[in-house]
Amino acid sequence: MFSSSQFEPNSAFSGGGFMSSQPSQAYESSSSTAKNREFQGLVPVTVKQITECFQSGSEKSGLVINGISLTNVSLVGLVCDKDGSKVTEVRFTLDDGTGRIDCKRWVNESFDAREMESVRDGTYVRLNGHLKTFQGKTQLLVFSVRPIRDFNEVTFHYIECIHFYSQNSESQGQQAGDVTQSVNTTFQGGSNTNQAAPLNPVMSSQNDGNGRKNLDDMILDYLKQPACTARQQGIHIDEIAQQLKIPKNKLEGVIQSLEGDGLIYSTIDEYHFKHVEL
Amino acid sequence: MDTSSPSAFVNGALLRRYIGQKVRTVIQVIGSDTGSVVGKSTDDLQIVVRGPSPTPPLTTYLEVIGIAESDNSIRAETWTNFGNTFDPQNYNELCKLANGEFKHLFI
């Protein structure tokens with residue numbers, strides 16, 4: 001019932017060298033699920049994401065498929081409090097640095113028992129399981145536990161969580177596509193060319209055609225200044241209006257189109273913006 | 001399910017943001033003393049880790065989880081061998097992302 005061979009691999013993603021000791025089909029599907037939201041694949045998550053999803057009870061990041069209680073997730077973390085006293089089930093807690101979650105594994109066959117034996121307290125493992133809520137508590141019903149052998153998998157897992165999250169946030173109007181691009185390019189030896197952002201100042205509809213430098217460029221120039229890029233929370237639209245001496249209502253439309261083009265992005269709220277750094 | 005003791009992903013430069021809090025980082029050991037280990041963080045800064053020493057055999061990279069004591073030292077609670085083929089650059093970028101735009105997924 002919990003054998004991992006049930007999962008149909010949805011892509012050719014073979015996991016590089018991270019899972020040389022494990023079958024790669026267990027979570028390869030998650031990287032290509034962005035196109036098909038109904039696909040009930042294995043979602044890489046952090047415990048914090050699970051907690052947030054349950055607390056808000058909303059459909060965030062594709063975690064909710066067919067209702068909250070039936071979702072397959074993939075986690076990486078440290079095993080703690082392993083309790084193998086019962087014959088048919090092993091309970092433990094997984095601590096992935098963002099939180100802890102209770103896990104349960106049914107041990108019905110010798111294969112399962114052998115798998116659980118190699119898992120001790122303090123072992124880093126890759127878990128695949130079902131999320132279930134029982135009496136208000138969320139638990140992970142685990143069907144696959146593998147000790148991690150190459151620890152680049154730990155880094156990889158968190159990056160995959162970020163990637164999956166940002167891909168699914170695209171539909172929520174954020175600049176996730178560009179972020180994903182920059183996440184990918186950051187790992188290509190530091191080259192930061194963001195190919196997704198066409199720099200097209202001419203196409204702004206705000207140009208009133210009298211030869212004045214258009215609003216797009218003015219806003220971009222302002223946001224590109226080192227004093228502005230250094231500010232983590234971005235620049236409030238009021239400040240931009242003040243500095244450029246342009247009424248805020250004129251700026252709003254331009255800012256929206258700049259955001260749509262992927263040249264700026266909103267930060268702490270919908271009024272703070274930062275220039276997308278190449 | 002409990003998110004009360006999260007450990008922040010840090011590198012040398014980010015450590016100062018979490019003084020007094022639980023952090024995790026990967027270091028490359030460059031030296032050790034009685035009661036403390038000196039390591040190089042993924043962004044090439046030096047970090048001193050105090051507390052119980054990791055049990056040998058040690059691999060090149062070690063993950064240390066503990067409380068940040070200052071901007072370059074940690075009081076270790078847990079050590080994990082992270083192998084010899086770990087990529088510190090990737091981890092470094094992860095630290096930046098996990099403390100920047102995607103912080104809400106972690107802490």
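Here, each number is a calculation from the coordinates, and none is a lab measurement. These numbers come from a predicted model, not from an experiment. Backbone-built Cβ (ideal geometry, glycine too); neighbour counts: all protein chains shown.
For the reader, a short list of remarks on this structure follows.
- Taking amide H as placed 1.01 Å from N in the peptide plane, the amide H of residue B:32 sits under 5 Å from that of B:38, each at least 5 places away or on another chain.
- Sum of side-chain charges, residue A:270 neighbourhood, beta-carbon under 11 Å (Lys, Arg +1; Asp, Glu -1): -3
- Site pair residue A:81 and residue A:217 shows an inter-label distance of 6.2 nm when each label is modelled 7 Å from Cα along Cα→Cβ.
- Each residue of region A:65-167 gets 116 Å³ once the volume of the Cα convex hull is shared out per residue.
- Taken one residue at a time, the phi angles of region A:88-103 give Karplus couplings (6.51, -1.76, 1.60, θ = phi - 60°) of 9, 9, 10, 10, 7, 10, 9, 10, 9, x, 10, x, 10, 9, 7, 10 Hz. Gly and Pro are set to x.
- Taking the number of Cβ atoms within 10 Å of each Cβ as an exposure proxy, the fewest-first ranking of A:271, B:91 is A:271, B:91.
- Relative to the Cα centre, the charge distribution of region A:235-278, modelled as +1 at Lys and Arg Cβ and -1 at Asp and Glu Cβ, gives a dipole magnitude of about 220 debye.
- In Hz, Karplus ³J(HN,Hα) per residue of region A:136-147 (6.51, -1.76, 1.60; θ = phi - 60°; x = Gly, Pro): x, 9, 9, 10, 10, 8, 8, 10, 8, 10, 10, x
- According to the Cα-based calculation, Rg over Rh for chain B is 0.95, with Rh computed by the Kirkwood formula.
- Relative exposure of A:163, A:272, judged by other C-beta atoms within 10 Å (fewest first): A:272, A:163
- Helix-only CD estimate at 222 nm, as mean residue ellipticity for chain B, using -39500 (n - 2.57) per DSSP H run (n ≥ 4): -3500 deg cm²/dmol
- Fewest-first sequence of A:273, A:134 by Cβ atoms within 10 Å of each Cβ: A:134, A:273
- Our note on the geometry: Cα centres of region A:96-156 and region B:61-84, 23 Å apart.
- Under a 5 Å amide H cut-off, with hydrogens placed 1.01 Å from N, residue B:45 pairs with B:12 among residues at least 5 apart or on other chains.
- For residue B:23, distant residues with modelled amide H under 5 Å away: B:8, B:66, B:67, B:68
- Tilt relative to chain B, helix B:88-99 - C-alpha long axis, 0 to 90 degrees, to 10: 40 degrees
- Phi-based couplings in Hz for region A:149-164 (Karplus 6.51, -1.76, 1.60; Gly and Pro marked x): 9, 9, 6, 5, 5, 5, 4, 4, 4, 5, 5, 5, 4, 4, 4, 4
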